[in-house]
Amino acid sequence: MESDTSEPDDDGLFSFPRLLTVAAGLTFSLILIGIYTAVAGAGLTCEGRWPLCDGWLGLFPANWPSFIEWFHRLIALPTGFLLLGLAVSAWRGGRSKRVRYALTAAVAILPSQIVLGGLTVLEYEVLYLTAHFVTAILIFSLVVAATAWSIGPRFERPPRLAALVVAGLVPLFAVATPFVISVGSMRLHMAYYGVGLVAFSALIALALWVRDGAELGGNERRIAGVAAAGTVVLGLTMLQLRLPASPTEMAQISGSAALVAVLSLLAVWWTLQPAAGTTSGRPA
């Protein structure tokens, strides 16, 4: 399996893995702020003046709703530059090919995300809002993958760590889905997406770490495949909640959440089996 080179500064305060983790956290926060901005319709307060706003000289917000939109853009700026710097550092520092390519792909997608963000303010249509969300999730997935590959060697049993996070959060995500659909509270909505994105990240890490830590026997292939399937279904479930839904579609969303739970818990069960020494000769 391909692994990252070990750099002397990998344990420093501003080491590559730590900065990559910060970038993943910023991207996570940016998505949540973006969801809040879209649900609240805050982008409309800038009066369609993107990239300007409605305050002094068009550079500052005039009220709380426009501040939300303005703050979303403010966080996006350092996040984008941090990802660009990490991509350059990955190439210059001889990081593994997959880390270099993941970060390069994330940076390459950023311009289209900026354009889509502008269109959500200028047009505020479901098509643009959906495309903006999908692109954000794609960038987030690439950053999470690069982070998982970079920090995995720092943990003694990374697959088990990811499996425990999945086991704790995915059932919560599945149980909360019908309530989010019926209640529609902004706080519940944001908490739901926060839990969903963390579970999404853990599923990606689980799939990647299992592939790296084994020779891909039958059990490992099942874990990686089920975790990957759970990731896709969970992502689609979060996307469905961003769209107008009929009662029938709401039932389908709840079914998708239940499927995520089943797939994820299967992956968790298979991952934790070696610890009991029941399905593998590998040490726990």
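The values are calculated or read from the model by the stated rules, or taken from the named source; none is laboratory data. All values derive from a computational prediction rather than experimental measurement. Heavy atoms of the whole protein, side chains included, go into the accessibility calculation; ligands, DNA and RNA do not. Shrake-Rupley method; radii C 1.70, N 1.55, O 1.52, S 1.80 Å.
At 222 nm, what helix-only mean residue ellipticity would the chain give, in deg cm²/dmol to the nearest 500, using -39500 (n - 2.57) for each DSSP H run of four or more? Walk me through the numbers on the way to the answer.
Values: 8 runs with 212 residues, N = 284.
Helix contribution divided over all residues of the chain: -26500 deg cm²/dmol.
Residues whose amide H falls under 5 Å from that of residue 55, counting only those 5 or more places apart or on a different chain, are 60, 62, with hydrogens built in the peptide plane. Shape summary of region 149-253, radius of gyration then Dmax from alpha carbon positions: 15.5, 46 Å.
On the accessible surface of the chain, probed at 1.4 Å, how many percent belong to carbon and sulfur atoms? Write down the numbers at each step before the final one.
Values: 9420 of 13670 Å².
Here it works out to 69 percent.
Helix screen, the chain: DSSP H segments with Cα axial length of 24 Å or more and mean Kyte-Doolittle hydropathy at least 1.0 are 16-40, 97-122, 126-151, 158-183, 186-212, 247-276. Here the chain has an Rg and Dmax of 20.0, 67 Å, counting Cα atoms alone. Once the convex hull of all Cα atoms in region 10-137 is built, its volume per residue stands at 105 Å³.
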